[in-house]
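Some notes on the structure that comes next.
The values are calculated or read from the model by the stated rules, or taken from the named source; none is laboratory data. What you are looking at is a predicted structure, and each value in this text was computed from that prediction instead of being measured. So basically every Cβ, Gly included, is an ideal-geometry build from the backbone, and we count neighbours across all protein chains shown. Accessible surface areas use protein heavy atoms only, side chains included; no ligands, DNA or RNA. Shrake-Rupley method; radii C 1.70, N 1.55, O 1.52, S 1.80 Å.
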Amino acid sequence: MVDSLLFDGLGSRALERKDSEWSLGESPAGGEEQDKQNANSQLSTLFVEKPQTGSVKVGANITFIAKVKAEDLLRKPTIKWFKGKWMDLASKAGKHLQLKETFERQTRIYTFEMQIIKAKENYAGNYRCEVTYKDKFDSCSFDLEVHESTGTTPNIDIRSAFKRREVKQQEEEPEIDVWELLKNANPNEYEKIAFQYGITDLRGMLKRLKRMRRVEKKSAAFSKILDPAYQVDKGGKVRFVVELADPKLEVKWFKNGQEIRPSTKYIFEHKGNERIMFINNCSLTDDSEYYVTAGDEKCSTELFVRVRPLKITTPLTDQTVKLGKEVCLKCEISENVPGKWTKNGLPVQEGDRLKVVHKGRVHKLVIANALIEDEGEYVFTPDAYNVPMSAKVHVIDPPKIILDGLDADNTVTVIAGSKLRLEIPVTGEPPPKAIWSRADKGPQVLCSGSCQSIMPCLSLPCQAIMEGSGRIRAESYPDSSTLVIDVAERDDSGVYNINLKNEAGEAHASIKIKVVGYFIERKKKQSSRWMRLNFDLCKETTFEPKKMIEGVAYEVRIFAVNAIGISKPSMPSKPFVPLAVTSPPTLLAVDSVTDSSVTMKWRPPDQIGAAGLDGYVLEYCFEGTEDWIVANTDLIDKTKFTINGLPTDAKIFVRVKAINAAGASEPKYYSQPILVKEVIEPPKIRIPRHLKQTYIRRVGEAVNLVIPFQGKPRPELTWKKDGQEIDKNQINIRNSETDTIIFIRKAERSHSGKYDLQVKVDKYEENASIDIQIVDRPGPPQAVTIEDVWGENVALTWTPPKDDGNAAITGYTIQKADKKSMEWFTVIEHYHRTNATITELVIGNEYYFRVFAENMCGLSEDATMTKESAVIAKDGKIYKNPVYEDFDFTEAPMFTQPLVNTYAIAGYNATLNCSVRGNPKPKITWMKNKVAIVDDPRYRMFSNQGVCTLEIRKPSPYDGGTYCCKAVNDLGTVEIECKLEVKVIYQGVNTPGQPVSLEGQQQVQKVHILLDISIFRSIPLT
């Protein structure tokens, strides 16, 4: 029902206008979808600290903090801040909103902050923080209240007068039209009415009231206009009516400036001069400003959607149910609206056991077969109402005693003198209290705690034994109860009762404890301290002591134990010394095999012990039998042995044992059968790395080369030098099964040459070569002559020596001597040429010169001296400058880099490049299709250091053709051509045309190019 100008200013709260800078375009429909999506997603608690509701004054700052623990997270979680239900605040960050995040490595906690700077009144409202990580999700809501600063005038919002308060469960009150009271009251009574009816924005209401009283001018288009305001309940229907003065005028309806089109929600009717618009199923989004236009005139109104107060007809009640029974939470409200169920703050997920029922105004939550985890606080909240209803569900389970781990007669055997810890599993919800008692000891009772509030202890005096005190005590845990006897005695045997009780029921059981068996003790012969060997009762008459020291004498005694107690010890045994066999030998392997023998080798045992090691026994058996044959008659003291006399082609298994005073060790087996047959292994020579190049030694040094090889049976070796047999009187050859040695005690130059080695096994052979070079110092140069003498200089020439010492000549050393003193001084060293000029000689002196040859072994022993002397005359010669003819640098033009055929893309600049040289500098002319390019703005020509460039600006297919570069100077003319093809790109891909045959090329290659427009300029074909 619509009633204009009737607004509930007392007990209801109208929605604020969506005109704040963070709430533009907010849609409740979208919010409901988001809630459904969040409810359906898998939930988990990720927050360690949630942001809390806060308040701030206008112009002040406030910070909200959320913390997420990252112990189980492999990467940073995603967090979002919202205002309302869907407005993401990440896009609003700036001057008034800042979002920060930090990570503490020690605590592994992410801290997310949202800081609001210089808050405004329209920042107030509900906010939400969401955090997600893979399939985990968590969210929380909080509110921000913005208060007016002292001494400031608040911004007036006409709709703030209609803010509704939270609906509380209360009795209905008759509606009072506050607007009528204010319209008819005197101005001096306004404040009294505002205080009496809880009006929070009196200034805004008076401003609106003044506007409503304003006398409207008579309209030429409307004979009846819209009412100033309308009010409708949520979900109801509202009717707007205007009456036109001229029925032919066209009418348009608008909402917040947007034209309204006919739909199922908006229905338009024409009745005579009346124009009617119906709005069906009104929601909070319909709460806004409307106006209608007819010609050039319009009239406006406002629609307020009121949320009717919600009443709780039947509230939720707390329930206590037994495990496995059904739980039904039921409530009834005054409105037929949906709602949400939560358990301990998390949305309830429907399943096979849990069903949510909504029939009219009744809401039910049914849990079939209740479990312990179903216990908690359940809250039902109707949609669009902040009226939560809560109830607690308590699941109980009668106590049970689980004796599955005991014998059929519930008997427990304990060793006298040892500690008994009898743990009995128990179940029940809440956890039951346990009481232990002795059935055969009268009134004594063992309690796991204070029992005065649990049960009367069977009407017997109760001796409570607290945890951690007494030799006999009881200990209680959530899932078990334990009877502890520290040192079991004979009197502890008997029947023990355990009684459980909680609010769901009781349980009782009896357990029998008895003492039986043997104890064994040992001591060293020289000691008086006995040590028990078994802490578990030994029920047999045999026992094997362990962890004894070899070589130490021990004695043993035994105690008998029964239900009465422990007997006296037996007489000590005779002293005995424990000895242990060794561990098995290790690394058993085949060393060699012939047609009648097998040689095995192994390593000693890892542990030998005090008894030492006497030797080894090697055994073998033929495949298919289990008869082990001892191969050695006496103990083997080495770790290698050959088994002889075996038939050819037989297969045998081999094992070896270590022997000492304690006996034979565990055998070490060879993992697979061994075939008694000599295996031919092809020969292979392994030349050392330093012998793969020429081996160089000086005369007189020793040569000792070891060349390893492989091959079975033992191969035949043959050495040759330069294709001839080796003279064994000069060169010693020593051969073994695995290597060969060539030895020369004092090397001579005659020993140089190529040495060939041949290794042969049966029909297989392997060859290798070694180059040996024996070097010595070279001989002197053959002849040294003085070619010329001028000024202070002498020109010398010489010829290389006949004997280079079997090594390359690396240089020459030149010395000079004054004829008067004949003392030699080195002038030049390590000189590589066979001629030299000696300078800075003393004028007036006479000189002799000599030259030494040099190789890797050093200088030659002798030097060759000039036969004649060189006299440095005192009177210098007149130096005549040579006459040179001028060089002709002129040159005809010539292209050093030709033009190449090019593809270009339409719209992208292309360049043609070539290089030319010539003297005088040639004149460059560019032509297209034999026509010179002159003063054309589409072309730019450059010439720099002989490099000529033609740039074509944004070419089109028309610019394709044959381009020519012509160079001209006084000595000649030269031209060069190329072809340019301009392609048009379709969808970013350029398909190349047919290749062009280039002169001088023998073949044409196809070029496939995938073009990237952002970087393409031109592609030359090569």
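Just checking: which of the strands (runs of 3 or more DSSP E) contained wholly in segment 649-747 hold 3 or more residues that are open to solvent by 60 Å² or more (accessible area, probe 1.4 Å) and touching a Cys at 6+ places or on another chain (Cβ under 7 Å)?
Hits in segment 649-747: none.
For residues in segment 288-318 being touching a Phe, Trp or Tyr at 6+ places or on another chain (Cβ under 6 Å) and of a type outside the set (A, V, I, L, M, F, W, C), which is most open to solvent (accessible area, probe 1.4 Å)?
K298
Look at S263 and say whether it is within 18 Å of V232 (Cα to Cα) and of a type in the set (G, A, S).
Judged against the criteria, S263 is not a match.
Provide a single number: the residues in segment 772-789 that are part of a strand (DSSP E or B) and open to solvent by less than 20 Å² (accessible area, probe 1.4 Å).
Summing the residues that are part of a strand (DSSP E or B) and open to solvent by less than 20 Å² (accessible area, probe 1.4 Å) in segment 772-789 gives 4.
Does Q1002 count as at pLDDT 50 or above, polar (S, T, N, Q), surrounded by fewer than 15 Cβ atoms within 10 Å (Cβ to Cβ) and over 23 Å from W926 (Cβ atoms)?
no
Residues V947, V982, V934, V996: which one is farther than 17 Å from L899 by Cβ and either of a type in the set (A, V, I, L, M, F, W, C) or modelled with pLDDT under 90 (or both)?
V934 is the lone residue from the list that is farther than 17 Å from L899 by Cβ and either of a type in the set (A, V, I, L, M, F, W, C) or modelled with pLDDT under 90 (or both).
Surrounded by 15 or more Cβ atoms within 10 Å (Cβ to Cβ), modelled with pLDDT of 80 or more and polar (S, T, N, Q): is that true of T111 in this structure?
Yes: the conditions hold for T111.
Among all residue pairs at least 6 apart or on different chains, which show Cβ distances below 8 Å where the first residue, located in segment 523-545, is over 18 Å from V577 (Cα atoms) and in a strand (DSSP E or B) and the second is open to solvent by less than 80 Å² (accessible area, probe 1.4 Å) and not basic (K, R)?
As it stands, the answer is R532/F519; R532/I520; R532/E521; C538/G517; C538/F519; C538/I520, since those pairs meet every condition given.
Has segment 256-269 got at least one residue that is open to solvent by less than 40 Å² (accessible area, probe 1.4 Å), closer than 20 Å to S223 by Cα, part of a strand (DSSP E or B) and modelled with pLDDT of 90 or more?
Within segment 256-269, none of the residues are open to solvent by less than 40 Å² (accessible area, probe 1.4 Å), closer than 20 Å to S223 by Cα, part of a strand (DSSP E or B) and modelled with pLDDT of 90 or more.
Of everything in segment 300-327, what is of a type in the set (A, V, I, L, M, F, W, C) and at pLDDT below 85? Give them in sequence order.
F304, V305, V307, L310
Residue pairs, Cβ under 8 Å, 6 or more apart or interchain, first in segment 345-359 and in contact (Cβ under 8 Å) with a residue 40 or more places away in the chain and in the same structural domain as M389 (by the TED database), second open to solvent by 80 Å² or more (accessible area, probe 1.4 Å) and assigned to a loop (DSSP other than H, G, I, E, B). List them.
Final answer for the pair search is L346/T45.
May I ask you to say which residue of D409, D383 is charged (D, E, K, R) and open to solvent by 70 Å² or more (accessible area, probe 1.4 Å)?
It is D409.
Among I520, I558, which is the only one that is open to solvent by 70 Å² or more (accessible area, probe 1.4 Å), more than 30 Å from T639 (Cβ to Cβ) and either part of a strand (DSSP E or B) or at pLDDT below 80 (or both)?
After applying the criteria, what remains is I558.
Conditions first: (1) open to solvent by 20 Å² or more (accessible area, probe 1.4 Å); (2) in contact with a strand residue (DSSP E or B) (Cβ under 6 Å, 6 or more places away or on another chain); (3) among the hydroxyl-bearing types (S, T, Y); (4) not assigned by the TED database to the domain that holds T694. T799 passes all but one, so which condition is the exception?
(2)
Within the set of pairs 6 or more residues apart or between chains, which connect a residue that is in contact (Cβ under 8 Å) with a residue 24 or more places away in the chain inside segment 788-805 to a residue that is open to solvent by less than 20 Å² (accessible area, probe 1.4 Å) and of a type in the set (G, A, S) with Cβ atoms less than 6 Å apart?
Going by the 6 Å Cβ cut-off, the qualifying pairs are V789/A870; V794/A870; L796/A836; P801/G779; P801/A853; D803/G779.
Kindly list, by first and then second residue, each pair from a residue in segment 656-674 that is within 13 Å of Y616 (Cβ to Cβ) to a residue that is charged (D, E, K, R), limited to pairs with Cβ atoms under 6 Å and residues at least 6 apart or on different chains.
V656/K668; I659/D614; N660/D614; A664/K657; S665/K657; P667/R655; P667/K657
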